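J.: Structure below; questions to follow.
The values are calculated or read from the model by the stated rules, or taken from the named source; none is laboratory data. Everything numeric here is computed off the predicted structure, so don't read it as measured data. For neighbour counting, all protein chains shown are included, and Cβ atoms are generated from backbone atoms with ideal geometry for every residue, glycine included.
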Amino acid sequence: MSILGCGWLGLPLAKTLAAHGFNINGSTTSSQKLEVLQQSGIYPFLIALEDRSISGDITEFLKSSYTLVLDVPPKIKDAAPNSYVLKIRTLIPEIINAGIKNVLFISSTSVYGNEAVIATEELDPKPSTESGKQLFACENLLRETPDFQTTIIRFGGLIGSDRHPIKHLAGKENVENPDAPINLIHREDCLGIIIKIIENKIWGETFNAVAPYHPSREDYYTQKARAMNLPLPTFNRKNQSTGKQISSGKLIRFINYNFLHPEL
């Protein structure tokens with residue numbers, strides 16, 4: 001198995017799958033991280049996707065792999081328009097040539113835009129951000145390629161012991177959308193969901209993945225700031241709150257998943 005993108009989520013995923021007995025090829029864009037991968041029992045590769053090329057030995061990286069986990073988030077801010085789409089389009093022929101049968105694409109709930117709806121997988125996505133638009137375009141590129149099966153996981157906001165959005169919101173003033181629901185998921189649940197999909201060979205599906213816990217932004221972030229002894233954020237109540245609530249009902253039913261951190 002190959003994991004393209006051994007970052008905050010991809011590296012612990014690679015370690016966990018290696019511990020489950022999988023032979024893992026893992027990629028990084030940092031030469032300093034190659035030793036970290038190797039020491040974790042992962043075959044390390046230095047790979048970087050470019051708009052119209054790929055640096056590194058992508059052929060060897062994908063060789064003999066039946067499954068590819070694609071966990072390279074779009075970096076839109078400093079990139080040219082459609083750069084992420086071009087990168088994935090450049091990667092697809094390499095996936096086909098390697099004979100990969102299954103692709104697991106890590107996407108985001110940002111594909112749904114920010115309308116005040118309950119978003120299920122049946123909803124027609126209407127992304128409003130550039131990253132959401134490019135992620136949705138890449139979902140379609142992968143899904144419509146007949147040479148392999150693609151399962152898409154749309155994760156909500158990622159949190160973990162070393163990562164929480166309140167650290168960025170603490171003390172901020174006039175934070176928008178106080179009444180909008182949160183849509184977050186803990187990294188441990190991300191790993192559990194991915195592993196269950198791979199072990200049960202659930203391919204050709206699309207899943208939302210957020211914890212089934214949706215208090216308002218104001219209630220949640222105020223409570224977290226107090227719990228962490230951080231300055232409280234203040235919220236703007238002059239503008240009407242808008243924001244979707246993501247449903248993970250399909251995921252829970254389909255793979256019988258029980259969240260490890262249901263209330264974050």
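J.: For the stretch 218-253, enumerate the residues that are over 25 Å from G204 (Cα atoms), surrounded by fewer than 18 Cβ atoms within 10 Å (Cβ to Cβ) and without any contact (Cβ under 8 Å) to a residue 12 or more places away in the chain.
T.: D219, Q223, R226, A227, N229, K238, Q240
J.: While we're looking at this one, here's another question. Just one of K250, K196 is among the basic types (K, R), within 27 Å of T145 (Cβ to Cβ) and touching a helix residue (DSSP H, G or I) at 6+ places or on another chain (Cβ under 6 Å); which is it? Walk me through it before giving the result.
T.: Numbers: K250 fails: touching a helix residue (DSSP H, G or I) at 6+ places or on another chain (Cβ under 6 Å).
Answer to the selection: K196.
J.: Considering only residues that are farther than 15 Å from C6 by Cα and assigned to a loop (DSSP other than H, G, I, E, B), which ones fall in the stretch 39-55?
T.: So the first thing to find is which residues in the stretch 39-55 are farther than 15 Å from C6 by Cα, and the list is 50-55.
Residues satisfying the conditions are E50, D51, R52, S53.
J.: May I pose another question? Scanning the stretch 23-64 for residues that are surrounded by 12 or more Cβ atoms within 10 Å (Cβ to Cβ) and of a type in the set (K, R), which turns out nearest to I100 (Cα to Cα)?
T.: K63
J.: Next question. Just the residues that are under 19 Å from R187 (Cβ atoms) and touching a Lys or Arg at 6+ places or on another chain (Cβ under 8 Å), please, taken from the stretch 12-60.
T.: P12, S40, I42
J.: Just give me the residues in the stretch 209-240 being among the hydroxyl-bearing types (S, T, Y) and over 25 Å from the mean Cα position of the chain (by Cα), in sequence order.
T.: The initial filter retains those residues of the stretch 209-240 that are among the hydroxyl-bearing types (S, T, Y), namely 213, 216, 220-222, 234.
Selection gives T222, T234.
J.: Right, another one. Looking at the stretch 90-106, I want the residues that are closer than 18 Å to T206 by Cβ and have a partner that is assigned to a helix (DSSP H, G or I) and of a type in the set (D, E) with Cβ atoms under 9 Å, at least 6 apart or on another chain. Which pairs are those?
T.: Pairs found: F105/E139.
J.: For the stretch 196-243, give me each residue that is among the small types (G, A, S) and within 12 Å of I166 (Cα to Cα). Walk me through how you get there before you give the answer.
T.: The initial filter retains those residues of the stretch 196-243 that are among the small types (G, A, S), namely 204, 209, 211, 216, 225, 227, 241, 243.
Of everything in the stretch 196-243, those that are among the small types (G, A, S) and within 12 Å of I166 (Cα to Cα) turn out to be A225, A227.
J.: Scan the stretch 14-21 and give yes if some residue there is closer than 17 Å to I198 by Cβ, part of a loop (DSSP other than H, G, I, E, B) and more than 17 Å from the chain's Cα centre (by Cα), otherwise no.
T.: To start, the set of residues in the stretch 14-21 that are closer than 17 Å to I198 by Cβ comprises 14-21.
Within this subset, residues satisfying the condition of being part of a loop (DSSP other than H, G, I, E, B) are 20-21.
Now narrow it down to the ones that are more than 17 Å from the chain's Cα centre (by Cα): 20-21.
Within the stretch 14-21, one or more residues are closer than 17 Å to I198 by Cβ, part of a loop (DSSP other than H, G, I, E, B) and more than 17 Å from the chain's Cα centre (by Cα).
J.: Restricting to the stretch 4-59, name every residue that is touching a strand residue (DSSP E or B) at 6+ places or on another chain (Cβ under 7 Å) and free of Cβ contacts under 8 Å to residues at least 12 places away in the same chain.
T.: Result: Q38, S55.
J.: Please enumerate the residues belonging to the stretch 74-110 that are buried (at least 17 other Cβ atoms within 10 Å of the Cβ), under 14 Å from the mean Cα position of the chain (by Cα) and either of a type in the set (A, V, I, L, M) or not in a helix (DSSP H, G or I) (or both).
T.: Within the stretch 74-110, P74, V103, L104, F105, I106, S107, S108 qualify.
J.: Do you know which residues across the stretch 1-59 are under 18 Å from P74 (Cα atoms) and touching a Phe, Trp or Tyr at 6+ places or on another chain (Cβ under 7 Å)?
T.: Across the stretch 1-59, the qualifying residues are S27, I47.
J.: Let me ask you something else. From the set of residues in the stretch 157-188 that are of a type in the set (D, E, K, R) and under 22 Å from G132 (Cβ atoms), which is surrounded by the fewest Cβ atoms within 10 Å (Cβ to Cβ)? So that I can check it myself, show each step before the final result.
T.: Just the residues of the stretch 157-188 that are of a type in the set (D, E, K, R), to begin with: 162-163, 167, 172-173, 176, 179, 187-188.
Within this subset, residues satisfying the condition of being under 22 Å from G132 (Cβ atoms) are 163, 176, 179, 187.
Details: R163: 12, E176: 14, D179: 15, R187: 20.
The qualifying residue surrounded by the fewest Cβ atoms within 10 Å (Cβ to Cβ) is R163.
J.: Among the residues of the stretch 114-129, are any surrounded by 22 or more Cβ atoms within 10 Å (Cβ to Cβ), under 27 Å from V85 (Cβ atoms), at pLDDT 95 or above and out of contact with any Phe, Trp or Tyr (no Cβ under 6 Å at 6 or more places or on another chain)? Before the answer, list the steps.
T.: Let us first name the residues in the stretch 114-129 that are surrounded by 22 or more Cβ atoms within 10 Å (Cβ to Cβ), namely none.
Scanning the stretch 114-129, I find no residue that is surrounded by 22 or more Cβ atoms within 10 Å (Cβ to Cβ), under 27 Å from V85 (Cβ atoms), at pLDDT 95 or above and out of contact with any Phe, Trp or Tyr (no Cβ under 6 Å at 6 or more places or on another chain), so the answer is no.
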